[in-house]
Amino acid sequence: MDALFILSILSIISLSLSQECPPQLLENVDFPGADIKFEYSPDVQHCQHLCTQHPSCLFFTFLRPDWTVDDRHFHCYLKTTPSGEPDVQTPLVGVTSGYSLKSCNPEPMPCLPNVYQNVDFFGADYRALFTNSYQECQRVCTKDRFCRFFTFINKDFANENIRYKCHLKFSWPIPRTLNVNRKPGVVSGFSHSVQFSQPSDIACSEKLFSNTDFEGSALESQPAGTPEHCLALCSANPQCTYFSFQSNSLTCQLKNDPNQVVMKSQEGVTSGIATHFCQQDANWVKTALEEVDFYGSDIRFELMDDVETCEKTCSIDQNCQFYTYLNENFSDSSYRRHCYLKRVTTMPAPPKVTKLDNVVSGFTKRNCI
């Protein structure tokens with residue numbers, strides 16, 4: 001092990017030991033301004049986990065269900081400042097504020113055991129069935145590998161025809177590189193510690209079709225670095241049956257047609273079929289991608305002599321999911337030897353949270369076992 005990598009490990013350990021976990025949540029206290037973005041959360045604990053997983057968030061303010069100023073209930077405002085502390089703290093009824101748990105060695109997939117009465121997790125449905133209770137709905141969600149959260153319609157709902165309906169919902173469980181571009185003098189890759197498929201005793205039988213396009217409109221497009229990365233994305237999405245990866249644009253076209261697959265010859269396109277209930281070959285994660293930039297989502301950067309040290313540093317840092325290294329060929333010499341460590345949110349996150357009478361919502365309990 002080289003001396004520079006030892007120093008990188010020691011700096012990470014020193015950082016984690018020098019930072020204490022943040023103080024307790026502050027009820028009816030607002031941290032005004034310094035917003036990065038807002039997300040929906042059903043409670044302040046979920047909001048805190050969102051802040052913890054966001055690459056830049058250091059503190060937050062959550063608007064509770066008892067907020068009365070307007071209809072922005074369940075808004076989780078993610079915030080940051082150069083100092084790491086809010087510039088202002090003011091009293092405000094109906095909000096709770098707090099800090100990121102990044103320094104507390106947080107679980108990458110936290111347990112979210114609470115259920116929420118009269119709260120709807122709106123959208124993100126991929127499957128619906130009828131169950132006799134919300135407890136059964138949650139059990140079905142926990143057993144279904146794609147389900148991240150649910151909403152159950154109870155016996156008193158106004159529309160009699162959909163009472164007892166259990167809506168299973170999806171959000172991305174694996175890291176997605178939000179921007180992927182080709183750029184000279186850059187090398188990118190993934191943490192070797194990140195799981196891109198659920199563990200299984202059965203190895204997947206994977207087949208990629210080179211210079212072949214699977215025709216059909218895409219249900220979703222995602223940036224991807226390789227065809228294998230595209231396969232992992234397709235296999236993680238319950239609606240994806242097959243995909244086409246375009247090497248020129250580094251785009252993964254996720255497609256859904258359970259009835260047919262129409263193939264045509266297309267140079268620069270690699271296609272494949274989703275794999276489920278098996279262990280995908282993870283060797284592709286260990287390959288560094290030359291002249292590929294994973295732009296944005298930075299946690300921090302450090303100066304390093306080579307891409308191998310950058311990858312090792314990312315792999316031992318539990319907050320890092322992927323990286324980009326700027327080598328000696330990068331056009332701007334002032335940025336050479338910069339190693340950018342990166343992450344995105346992977347915890348269950350409903351696209352919208354609203355009040356709705358006679359429904360119950362909650363999360364999978366797979367992470368609580």
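The values are calculated or read from the model by the stated rules, or taken from the named source; none is laboratory data. Every value quoted in this text rests on a predicted model; they were computed, and no experiment measured them. FYI the Cβ positions are ideal-geometry reconstructions off the backbone, even for glycines, and counts take in every protein chain you see.
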Pick from region 32-60, criterion closer than 22 Å to K342 by Cβ and in a loop (DSSP other than H, G, I, E, B), ranking: nearest to the chain's Cα centre (by Cα): H54
Matching residues, region 259-307, being touching a Gly at 6+ places or on another chain (Cβ under 6 Å) and not β-branched (V, I, T): A288, L289
Which numbered condition L178 fails, given (1) in contact with a Pro (Cβ under 8 Å, 6 or more places away or on another chain); (2) buried (at least 17 other Cβ atoms within 10 Å of the Cβ): (2)
Test set (1) touching a helix residue (DSSP H, G or I) at 6+ places or on another chain (Cβ under 7 Å); (2) buried (at least 18 other Cβ atoms within 10 Å of the Cβ); (3) in a loop (DSSP other than H, G, I, E, B) - L341 fails condition number: (3)
Subset tally (residues that are touching a Phe, Trp or Tyr at 6+ places or on another chain (Cβ under 6 Å), hydrophobic (A, V, I, L, M, F, W, C) and in a loop (DSSP other than H, G, I, E, B)) for region 61-100: 1
Region 131-148, subset basic (K, R) and in a loop (DSSP other than H, G, I, E, B), residue nearest to F121 (Cα to Cα): R148
Residue that is surrounded by the fewest Cβ atoms within 10 Å (Cβ to Cβ), among those in region 58-100 that are more than 21 Å from D298 (Cβ to Cβ) and hydroxyl-bearing (S, T, Y): T68
So C310, is it touching a helix residue (DSSP H, G or I) at 6+ places or on another chain (Cβ under 7 Å) and either over 30 Å from Q117 (Cβ atoms) or not assigned by TED's automatic domain parsing to the domain that holds F150 (or both): no
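Looking only at region 243-268, which residues are in contact (Cβ under 8 Å) with a residue 24 or more places away in the chain and surrounded by fewer than 21 Cβ atoms within 10 Å (Cβ to Cβ)? Working first, answer last.
The initial filter retains those residues of region 243-268 that are in contact (Cβ under 8 Å) with a residue 24 or more places away in the chain, namely 243-245, 250-257, 261-268.
If the condition is that a residue be in contact (Cβ under 8 Å) with a residue 24 or more places away in the chain and surrounded by fewer than 21 Cβ atoms within 10 Å (Cβ to Cβ), then T251, N256, D257, V261, V262, M263, K264, S265, Q266, E267, G268 are the ones that fit.
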